[in-house]
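Peer 1: Sending over a structure as structure tokens; questions will come in a sec.
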Amino acid sequence: MAKIEISNLGRAFKKKGSATERFWALQDFNLSIEQGEFVTVVGPSGCGKSTLLDLLVGLTKPDEGGISIDGKRIQGPALDRGIVLQGYALFPWRTVRKNIEFGLEIKKVPKSERKDIIDHFIKLVDLIGFENHFPFELSGGMQQRVAIARALAYDPEVLLMDEPFAAVDAQTRETMQDEILSIWEKTGKTVVFVTHSIEEAVGLADRVAVMAKNPGRVKEVVNVNLPRPRRIADVRNTTDFSLISHRVWELLQDKEPLPLNVGGSTVDVGEAILADAAI
């Protein structure tokens, strides 16, 4: 049994100015995600990626189909899922320690146990020395680390991430990508990570779910056969990374692999990239 099973999922919204017409943001969306798998979701703007996350969190309900975790249908928000958003969503009146503690309070973890848990995750996201700082005293990357630690501290089975690094600079983004990979490798969580970046999608994932729009659906799931443990900088310039990224790009552009003439022989785009890399 898959950890997450998304079956024939559909979500519709009323069209503006019409009492009866509906627009399908998602329809016939199908995807299975295994325990401990890191799956990224990429697609064009307006394809329904954020709608998918809302349904996974349980903030909205589908009009067709459904989502199950360990065979149980999602009926609403629950502590088996943690969410990390683009905008951090930290409580400004709480310190780093108190922000991380929030989920433990909701879960009613005894106070006597909370300190060790919080200390563990502060160390995990490299925020030792900043435990008593407030969010406004932290950089964007540090705030996102707090958000990740808060989502992990109450031990959810699934971690949902919606463009979590989009608001930070390029250098911080790459650092955060490596950190989330390290955290994932240490915790073994099942991760669903939504992004607009092909490079990020390929660099992080075991598989990339490429979406099409109107209505949103899975167009193809691309396997990422890159070695683990993995650092983005180590794999970015490899031939395999280029091939996989190019395939994702083709899917986003609604293009099938096109034959090219290289050295007098007809090959597909992937083979052309390999040939070019060998020159």
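Laboratory data are not the source of any read-out in this text; all were calculated from the coordinates shown. Keep in mind that what you see is a predicted model, and the values were worked out from it rather than measured. Here the Cβ positions follow ideal geometry from the backbone for every residue, glycine too, while neighbour counts run over all protein chains shown.
Peer 1: Of the residues GLY48, GLY58, GLY43, GLY36, which is under 18 Å from the mean Cα position of the chain (by Cα), without any contact (Cβ under 8 Å) to a residue 24 or more places away in the chain and either surrounded by 15 or more Cβ atoms within 10 Å (Cβ to Cβ) or within 19 Å of LEU79 (Cα to Cα) (or both)?
Peer 2: None of the others qualify; the one that does is GLY58.
Peer 1: Okay, next question. Return the residue satisfying two criteria in turn: it lies in the stretch 61-75 and is touching a residue at least 24 places away in the same chain (Cβ under 8 Å) and among the β-branched types (Val, Ile, Thr), and of such residues it is surrounded by the most Cβ atoms within 10 Å (Cβ to Cβ).
Peer 2: Quick first cut of the stretch 61-75, residues touching a residue at least 24 places away in the same chain (Cβ under 8 Å) only: 62-71.
Still in the running and among the β-branched types (Val, Ile, Thr): 67, 69.
Values: ILE67: 21, ILE69: 19.
Out of the qualifying residues, it is ILE67.
Peer 1: Right, another one. Give just the number: which of (1) farther than 20 Å from LYS189 by Cα; (2) in contact with an Asp or Glu (Cβ under 7 Å, 6 or more places away or on another chain); (3) touching a residue at least 40 places away in the same chain (Cβ under 8 Å) does ARG114 not satisfy?
Peer 2: Exception for ARG114: condition (3).
Peer 1: Further, regarding this structure: Could you identify the single residue in GLY87, GLY76, GLY103 that is under 24 Å from the mean Cα position of the chain (by Cα) and under 23 Å from GLU185 (Cα atoms)?
Peer 2: Selected residue: GLY103, the only one of GLY87, GLY76, GLY103 that is under 24 Å from the mean Cα position of the chain (by Cα) and under 23 Å from GLU185 (Cα atoms).
Peer 1: Let me ask another. Out of all the residues in the stretch 197-227, which are over 20 Å from GLN27 (Cα atoms) and in contact (Cβ under 8 Å) with a residue 40 or more places away in the chain?
Peer 2: Those that are over 20 Å from GLN27 (Cα atoms) and in contact (Cβ under 8 Å) with a residue 40 or more places away in the chain: SER197, ILE198, GLU199, GLU200, ALA201, VAL202, LEU204, ALA205, ASP206, ARG207.
Peer 1: Determine whether PHE23 is closer than 18 Å to GLY58 by Cα and aromatic (Phe, Trp, Tyr).
Peer 2: no
Peer 1: Surrounded by 23 or more Cβ atoms within 10 Å (Cβ to Cβ), closer than 28 Å to CYS47 by Cα and either in contact with a Phe, Trp or Tyr (Cβ under 7 Å, 6 or more places away or on another chain) or not charged (D, E, K, R) (or both): is that true of ALA153 in this structure? Steps first, please.
Peer 2: Working: surrounded by 23 or more Cβ atoms within 10 Å (Cβ to Cβ): yes; closer than 28 Å to CYS47 by Cα: no; either in contact with a Phe, Trp or Tyr (Cβ under 7 Å, 6 or more places away or on another chain) or not charged (D, E, K, R) (or both): yes.
It is false that ALA153 is surrounded by 23 or more Cβ atoms within 10 Å (Cβ to Cβ), closer than 28 Å to CYS47 by Cα and either in contact with a Phe, Trp or Tyr (Cβ under 7 Å, 6 or more places away or on another chain) or not charged (D, E, K, R) (or both).
Each row is one residue, and each column tells you yes or no for (1) within 19 Å of MET161 (Cβ to Cβ); (2) in contact with a strand residue (DSSP E or B) (Cβ under 6 Å, 6 or more places away or on another chain).
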site: ILE67; (1), (2): yes, yes
site: ILE74; (1), (2): yes, yes
site: PRO77; (1), (2): yes, no
site: ALA89; (1), (2): yes, no
site: GLY103; (1), (2): yes, no
site: HIS120; (1), (2): no, no
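Peer 1: With respect to ASN99, determine if the residue is outside any loop (DSSP other than H, G, I, E, B) and either under 23 Å from GLY140 (Cβ atoms) or aliphatic (A, V, I, L, M) (or both).
Peer 2: Yes, satisfied.
Peer 1: Being assigned to a loop (DSSP other than H, G, I, E, B), surrounded by fewer than 11 Cβ atoms within 10 Å (Cβ to Cβ) and either of a type outside the set (D, E, K, R) or touching a Ser or Thr at 6+ places or on another chain (Cβ under 8 Å) (or both) is the filter here, so list the residues in the stretch 102-134 that pass it. I'd like the intermediate steps shown before the answer.
Peer 2: Step one: list which residues in the stretch 102-134 are assigned to a loop (DSSP other than H, G, I, E, B), which gives 107-110, 125-134.
From what is left, the residues that are surrounded by fewer than 11 Cβ atoms within 10 Å (Cβ to Cβ) are 108, 110, 128-129, 132.
Result: PRO110, ILE128, GLY129, ASN132.
Peer 1: Sticking with this one: Those residues that are over 19 Å from ASN225 (Cα atoms), free of Cβ contacts under 8 Å to residues at least 60 places away in the same chain and not in a loop (DSSP other than H, G, I, E, B), I need them from the stretch 169-186; list them, please.
Peer 2: Result: ALA170, GLN171, THR172, ARG173, GLU174, THR175, MET176, GLU179, ILE183.
Peer 1: Okay, next question. From ALA78, ALA19, ALA89, which residue is surrounded by fewer than 17 Cβ atoms within 10 Å (Cβ to Cβ), in contact with a helix residue (DSSP H, G or I) (Cβ under 7 Å, 6 or more places away or on another chain) and either closer than 21 Å to HIS196 by Cβ or of a type in the set (A, V, I, L, M, F, W, C) (or both)? Don't jump to the end; show me each part of the working.
Peer 2: On the way: ALA78 fails: in contact with a helix residue (DSSP H, G or I) (Cβ under 7 Å, 6 or more places away or on another chain); ALA19 fails: in contact with a helix residue (DSSP H, G or I) (Cβ under 7 Å, 6 or more places away or on another chain).
Sole residue among the options that is surrounded by fewer than 17 Cβ atoms within 10 Å (Cβ to Cβ), in contact with a helix residue (DSSP H, G or I) (Cβ under 7 Å, 6 or more places away or on another chain) and either closer than 21 Å to HIS196 by Cβ or of a type in the set (A, V, I, L, M, F, W, C) (or both): ALA89.
Peer 1: What residue, of PHE241, PHE193, is among the hydrophobic types (A, V, I, L, M, F, W, C), in contact (Cβ under 8 Å) with a residue 60 or more places away in the chain and either touching a Gly at 6+ places or on another chain (Cβ under 9 Å) or closer than 26 Å to ASP70 by Cβ (or both)?
Peer 2: PHE193
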